[in-house]
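Structure record follows, encoded as structure tokens.
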Amino acid sequence: MSKADLILEANDIYKSFGTVEVLKGISLEAKNHEVISILGASGSGKSTFLRCLNFLEIPTSGTIAFHGEPVNIVNGKPVNPKHIEAIRSRLGMVFQQFNLWTHRTAIENVMEGPIYVKKMAKNLAREKAESLLERVGLKDRMHMYPSQLSGGQQQRVAIARALAMEPDAILFDEPTSALDPELVGEVLKVMQSLAAEGRTMIVVTHEMAFARDVSSKVVFFHAGKIAEQGTPDEMFKNPKTEVFQKFISNI
Ligand code: ADP
Ligand code: MG
């Protein structure tokens, strides 16, 4: 592997809220085309870690490097913050609750980033948004508002919106956890197709089949630390730690 294959490196990330230490030294790297599933019980720090990766939260300490350009954080302050904007604009994020603009149609949601952040011409942004909505199977719904769409459709719009920014990697925080069970599959199918086309993805999920069949690496969080990580085969066929054995036996 050459250094150019490394997209994102988090090194020894700590995060406290007040006196509560939520992340206790997490290190993780994402290589190009890698699909990493993050598993772990509720409260183990998964969302906080994802939010630290794109600086929605500022870690208390640690280093986050994007394409080899490090941002060091000391006492909750980035020492060299100039890369933060680049990281934010080149990492996509898909949230559990979709976070679409409710007063904008599906296509307007997808066009927004390219127009306002990337300064793309409106007609080009519209063309791009149309083809992305087609890509996620929603061409016929593109003028509907989020309230007129099912949860699964809203999440597919959110994925199209992330793709519109041409991210180098996409972070997903439990993208199917808010969905009715019958709508989970349509979202997982889109995510699987993104993985198949070589997208770099970091996915917090409770979908064990996705973690096992789609990801290249599985990471298990426990109480703010990585308790165990490995290939899906290693993790599911031969779980090593008692906490991870217990976690998968409860599912
Ligand atoms: P997970 O996503 O694994 O369920 P989170 O990262 O959401 O876990 O939360 C980890 C811990 O951090 C929880 O105890 C949660 O209450 C706490 N936490 C998360 N965000 C905040 C915040 N903004 N302020 C205070 N505590 C927080
Ligand atoms: Mg969470």
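For the reader, a short list of remarks on this structure follows.
- Counting only residues that are without any contact (Cβ under 8 Å) to a residue 40 or more places away in the chain, open to solvent by less than 60 Å² (accessible area, probe 1.4 Å) and in a helix (DSSP H, G or I), region 100-129 holds 5 of them.
- When region 5-46 is limited to residues that are touching a helix residue (DSSP H, G or I) at 6+ places or on another chain (Cβ under 9 Å) and more than 19 Å from Gly230 (Cα to Cα), the one that is nearest to ligand 2 (Cβ to nearest atom) turns out to be Val22.
- Test: residue in region 74-84 that is within 19 Å of Val204 (Cβ to Cβ) and surrounded by 17 or more Cβ atoms within 10 Å (Cβ to Cβ): no
- Taking region 55-71 as the range and being open to solvent by less than 10 Å² (accessible area, probe 1.4 Å) and either assigned to a loop (DSSP other than H, G, I, E, B) or within 14 Å of ligand 1 (Cβ to nearest atom) (or both) as the test, the residues that pass are Phe55, Pro59.
- Leu132 vs. criteria over 21 Å from the mean Cα position of the chain (by Cα), surrounded by 18 or more Cβ atoms within 10 Å (Cβ to Cβ) and modelled with pLDDT of 95 or more: no
- Test: residue in region 217-228 that is within 26 Å of Ala86 (Cβ to Cβ), within 16 Å of ligand 1 (Cβ to nearest atom), of a type in the set (Val, Ile, Thr) and open to solvent by less than 40 Å² (accessible area, probe 1.4 Å): yes
- Any chance Leu50 is within 30 Å of Met142 (Cβ to Cβ) and either small (Gly, Ala, Ser) or in contact with a strand residue (DSSP E or B) (Cβ under 9 Å, 6 or more places away or on another chain) (or both): yes
The values are calculated or read from the model by the stated rules, or taken from the named source; none is laboratory data. Since the structure is predicted, the reported quantities are computational estimates derived from the model, not experimental observations. Ideal geometry is used to build each Cβ from the backbone, glycine not excepted, and the neighbour counts take in all protein chains shown. SASA here: full protein model, heavy atoms, side chains in, ligands and nucleic acids out. Shrake-Rupley method; radii C 1.70, N 1.55, O 1.52, S 1.80 Å.
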